[in-house]
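All remarks here apply to the structure that follows.
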Amino acid sequence: MRLYEFEGKSLLKSAGLAVPRGAVIDSASRVSETPASSTATVAKAQVLWGKRSKAGGILSCADATAAGEAVEKILGQKIHGEIVKRVLVEERLDTARECYLGITYQDRSPCVIACSEGGVDIEEVRNIHPERVAVQPVSIVHGLTDKAAADILARAGFGGDAAEVAPILLKLYEFFVANDALLVEINPLIKTAAGQWYAADAKIEIDDEAEYRTRIPLPERLGSGKEPTKLEILARENDLIDSRGAAGRMFYEIEGGSIVIIAAGGGTSMEALDDLYSLGGRPAIFTEHSGNPTGEKVKGLVKIALMYPGDIDAIWVIGGRANFTDIYETLVNGVMAGIRETPNFDRSIPIIVRRAGPRDEEAYQALRNAREEEGYNIFLRGMATSIADSARMVIYQANKHYTARKRAEQL
């Protein structure tokens, strides 16, 4: 379950981290309930996807009048396919420094990511300035120690601020583990001119399978911001056919796109969608599976995704390295079987695959066979290819297919 920024910040505040003063409103007439009446503010669209600023979903406001105008402008916008129904209006911080803190899973262990820059694309910084980013797996048994936290921040270039940020990182890790999170990210973590640290943004994803034992009251989802489409309803029904794993619980049909994204759950799927949008790609379908679902369940999900009524120019099968998910079962008996059973499937559509885990070599060999013997346009990549580079490949191949398709239509 992905959380909206205001939900995530509320939870972080309960965990002892400082967040800017703010309030969530659904009408410009309620601006008086926010800090806008007494200070400069920032109005932020509440959607489940990133890159809001580029879409006009984050606006700076000098006073209450400007805040009201900003809220009026943001409400009702469609950002990455989601209609904005709520706006977070919070105090604008006097920023002296911005940093990045994140925790997700890598292989079988939690992994801490720290960067001495904030408000950035962490994957891009890691590629261009690797010395500014520290990545450290953490033993699930021993946890994150004071010394390990200090070492990570020192390696990331926090300098003299490392001693102040270390307690924040320790609280963030404690929150991550205690609440069965798949991803917790503060980007940016801001130090004000007065020397105080605030979580200026919060991206959190909680494991759906652990909801029964969570220690926090998970808010009711606001959904995709629109009435579910026929395909979204079918996907949810598909998820209920078998209790093993999830395949269809998260499914969005997005207007104007031509790329079908079949993602493996967790932080990878969020990062993939953010990268695709930031690089200019336009998804048509975004869905994901997780928790080692059966091949039959994934096959059903793929067949539903390929019922998309518009043109499809690429299929992106994207995920990280799984620990327990059977890659052969989900890729070959799931994704590939769904493609094979789709009537009149255009085999020139590029299928870009980035995945790893149990039985991945066997799965990749089966996909090579499908490419060589059946003519499917499959591109296979491993973990050496970053998510951002994989997104670039998808966009490139989608554009090639689009151009070829348009030329064929003119003949």
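What to note about this one:
- Three-way shape label, the range 51-184, alpha-carbon gyration tensor, a/c 1.5: prolate
- Restricting attention to the range 230-406, close to 25% of DSSP beta bridges with both partner residues there are antiparallel.
- For the range 2-54: rounded, prolate or oblate by the Cα gyration tensor [a/c cutoff 1.5]: oblate
- Degrees, to the nearest 10: 295-305 long Cα axis against longest axis of the chain: 80 degrees
- Between the range 60-133 and the range 351-411, the Cα center-to-center distance that results, in Å: 31 Å
- Protection proxy ranking of 6-14, 32-40, 251-259, 184-192 - average other beta-carbon atoms within 10 Å, highest first: 184-192, 251-259, 6-14, 32-40
- For mean projected area of the Cα convex hull in nm², calculated from these coordinates, the label among (1) 24.6; (2) 20.7; (3) 18.1: (2)
- Helix axis angle, 5-14 relative to the chain longest principal axis, alpha carbon, degrees: 50 degrees
- Thr403/Asp107 FRET efficiency (R0 41 Å; Cβ-Cβ; nearest 0.05): 0.55
- Computed extension length for Ala96-Arg371: 93.7 nm, one decimal, from 0.36 nm per residue of separation with the Cα-Cα distance subtracted.
- Working from Cα pairs under 8 Å separated by at least six residues, relative contact order for the range 1-96 is 36 percent.
- DSSP-defined antiparallel bridges as percent of all bridges, the chain, nearest 5: 70 percent
- The length gained on full extension between Glu362 and Ala40, counted as 0.36 nm times the residue separation minus their Cα-Cα distance, comes to 110.2 nm.
- For the range 95-212: relative contact order, % (alpha-carbon pairs under 8 angstrom, 6 or more apart): 29 percent
- Inter-label distance, Glu33 to Glu164: 3.4 nm, where each label sits 7 Å from its Cα along the C-beta direction.
- Asn323 paired with Val141, simple spin-label distance in nm, labels 7 Å along Cα-to-beta-carbon: 1.4 nm
- Between Ser14 and Asp180, full extension at 0.36 nm per residue minus the direct alpha carbon distance yields a gain of 58.2 nm.
- Residue pairs, from the table Lys13/Lys230; Lys54/Lys191; Lys54/Lys203, whose Cα atoms sit over 28 Å apart: Lys13/Lys230
- Over the chain, DSSP H runs of length four or greater, each weighted -39,500 (n - 2.57), average out per residue to a 222 nm ellipticity of -10000 deg cm²/dmol.
- Each residue, Phe345 and Ala62, gets one label point 7 Å from its Cα in the Cβ direction; the gap between the two is 5.7 nm.
- The angle separating the long axis of helix 64-74 from the principal Cα axis of greatest extent in the chain is about 10 degrees.
- By average C-beta atoms within 10 angstrom, highest first, the peptides 359-372, 91-104, 329-342: 329-342, 91-104, 359-372
- In the chain, Cα pairs under 8 Å separated by at least six residues give a relative contact order of 13 percent.
FYI, it's all coordinate maths here, none of it is from the lab. Please read all numbers here as calculations on a predicted model, not as lab measurements. Every residue, glycine as well, gets a Cβ built from its backbone with ideal geometry; the counts of neighbours run over all protein chains shown.
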